Amino acid sequence: MRNLLKVLKVLGIGLLALIVALSVFLKVVHYPNVIAAVKLGLAPASKTPTLMPWHTIAPATKPIPLATSSEKLPATVDYRGKQVTWQQFLDLTNTNAYLIMRNGVITYEYYNAKKGIKASSQLPSYSMAKTMTSLVIGQLIAQGKIKESDKFVDFFPNWKTGTSFDQVTIQSLLDMESGVGVSDNYPSGVTGWGVGIAQMYATTDMNWFITHNRKMFEAPDTKPEYRSVNTQLLGLIIQKVIGTTVSSYFQKNIWQPVGTEFPATWNVDHIGGHEKTFCCFNASARDYARIGLMLNNNGQVAAKQIVPAAWIKRISTPVVTLDYGWKYSAQVWHPYPGINLAMGLHGQQIFMDPATRTVIVKLSDDPTSDTHQVDSAKVAYALAQKSK
């Protein structure tokens, strides 16, 4: 018994020492504390909006109502070469919310009641936030406050490196051609938290992260590759130019003008700090659909131009080819000709088809290692073609 107590004492001291060492390490690299980091690492996508600090984005004081009707969905859909029922598709792709809007009318809504999801639930966008960030960039360009040819270090001369990093432009950031060396490969397990993309996601000090992650994989505009760091650099430019938080600008100039119904949030490194503009925008399915409707309507809401028509053309015109062989431009995907797609990790999509005036929102809890993006886009495209 005495020996057992000695062993337990040694194990306890060792565990305590490990926790202390880990806590010190996390503080040095500007991560959340141990408990917060573990929660963030283990939580499903739908539970992450409140696991990091956030800035609140208020909805419109007078939301624009959305009409509803009902459409009969196909009995089965093509999922990975097999015909499955509609509910099987939703379940197999870990769907939390699914919304179809045609001609500005919601014709179908699904919320995963087993998980407590409802119409007002704030669900994460992950990289759909990149499209939100692009909309702000488009407005600032139209206002003459920035140009696509502007270099990142024009706004942040203190971050010059004397390397090709100093030649990175807003255009190369928009089209994923910057060459900045932070890969978007998300390894699984505990070791995954040591890579750059995980550090950027969890950081409590974005300035510290950028200071230590300015190496280049290649020169700008030589190799297109999807890297979230590009959008984070765009977010820092936005904040520098507007002199306030990205959230407050987005609220006043986009979120409220499109007539949103529910508040949104944008996760930040710390309160009053920097929005994680490459991810971490959280909102309801209906309000994501309002953004899609505005883009389908050439940037207009009720005859008011929210996003410049020239920017709608910019984001709708493919520039490079990235993952899945899909086209891409200015933070928007183009999986099929004429289609605009905002897409995020864990199965988040706003599928926009201006030709058929269809918007489809899918919010999901896909594991990092199992993506259904291609399958979901294929189903959405088939549904959109029904309107022809």
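The values are calculated or read from the model by the stated rules, or taken from the named source; none is laboratory data. These figures come from a predicted structure and were not determined experimentally. Ideal geometry is used to build each Cβ from the backbone, glycine not excepted, and the neighbour counts take in all protein chains shown.
Each row is one residue, and each column tells you yes or no for (1) in contact with a helix residue (DSSP H, G or I) (Cβ under 8 Å, 6 or more places away or on another chain); (2) buried (at least 24 other Cβ atoms within 10 Å of the Cβ); (3) within 16 Å of ARG102 (Cβ to Cβ).
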site	(1), (2), (3)
GLU275	yes, yes, no
GLY292	no, yes, yes
ALA310	yes, no, no
LEU322	no, no, no
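Cβ-Cβ contacts under 6 Å between residues 6 or more apart (or on different chains), taken from a first residue in segment 293-317 that is among the acidic types (Asp, Glu) to a second residue that is not in a helix (DSSP H, G or I), are absent. Could you say whether any residue in segment 176-190 is small (Gly, Ala, Ser), in a helix (DSSP H, G or I), in contact with a Pro (Cβ under 9 Å, 6 or more places away or on another chain) and more than 25 Å from TRP54 (Cα to Cα)? Within segment 176-190, not a single residue is small (Gly, Ala, Ser), in a helix (DSSP H, G or I), in contact with a Pro (Cβ under 9 Å, 6 or more places away or on another chain) and more than 25 Å from TRP54 (Cα to Cα). Please tell me if PRO63 is closer than 30 Å to VAL258 by Cα, modelled with pLDDT of 95 or more, touching an Asp or Glu at 6+ places or on another chain (Cβ under 6 Å) and not charged (D, E, K, R). Yes: the conditions hold for PRO63. Checking PRO220, PRO224 one by one, the residue that is more than 17 Å from TYR201 (Cβ to Cβ), in contact with a strand residue (DSSP E or B) (Cβ under 6 Å, 6 or more places away or on another chain) and not basic (Lys, Arg) is PRO224 and no other.
Residues in segment 352-373 that are among the hydroxyl-bearing types (Ser, Thr, Tyr), touching a Phe, Trp or Tyr at 6+ places or on another chain (Cβ under 8 Å) and modelled with pLDDT of 95 or more: THR358 alone.
Restricting the first member to segment 336-347 and to residues that are in the same structural domain as SER127 (by TED's automatic domain parsing), and the second to residues that are aliphatic (A, V, I, L, M) and surrounded by fewer than 24 Cβ atoms within 10 Å (Cβ to Cβ), the beta-carbon pairs closer than 6 Å and six or more apart or on different chains are GLY338/ALA355; HIS346/ALA45. Between ASP269, ASP287, the distinction of being buried (at least 24 other Cβ atoms within 10 Å of the Cβ), acidic (Asp, Glu) and more than 21 Å from ILE170 (Cα to Cα) belongs to ASP287 only. Would you call GLY144 free of Cβ contacts under 8 Å to residues at least 12 places away in the same chain and either in a helix (DSSP H, G or I) or farther than 21 Å from THR245 by Cβ (or both)? So GLY144 fits the description; yes.
For segment 47-76, filtered to residues that are of a type in the set (D, E, K, R) and assigned to a loop (DSSP other than H, G, I, E, B), the residue that is surrounded by the most Cβ atoms within 10 Å (Cβ to Cβ) is GLU71.
Condition first: hydroxyl-bearing (Ser, Thr, Tyr) and over 30 Å from LYS47 (Cβ atoms). Can you find one or more residues in segment 323-333 that meet it? Scanning segment 323-333 turns up at least one residue that is hydroxyl-bearing (Ser, Thr, Tyr) and over 30 Å from LYS47 (Cβ atoms). Kindly indicate whether any position in segment 86-104 is modelled with pLDDT under 95 and surrounded by 18 or more Cβ atoms within 10 Å (Cβ to Cβ). No, the conditions are met nowhere in segment 86-104.
Yes/no per residue for (1) at positive phi; (2) in contact with a strand residue (DSSP E or B) (Cβ under 7 Å, 6 or more places away or on another chain); (3) hydroxyl-bearing (Ser, Thr, Tyr); (4) touching a residue at least 12 places away in the same chain (Cβ under 8 Å):
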{"site": "TYR110", "(1), (2), (3), (4)": "no, yes, yes, yes"}
{"site": "MET128", "(1), (2), (3), (4)": "no, yes, no, yes"}
{"site": "LEU140", "(1), (2), (3), (4)": "no, no, no, yes"}
{"site": "ASP154", "(1), (2), (3), (4)": "no, no, no, no"}
{"site": "TRP159", "(1), (2), (3), (4)": "no, no, no, yes"}
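Against the test of being within 26 Å of TYR98 (Cβ to Cβ), of a type in the set (Asp, Glu) and touching a Ser or Thr at 6+ places or on another chain (Cβ under 6 Å), the options ASP221, ASP287, ASP269 yield a single qualifying residue, ASP287.
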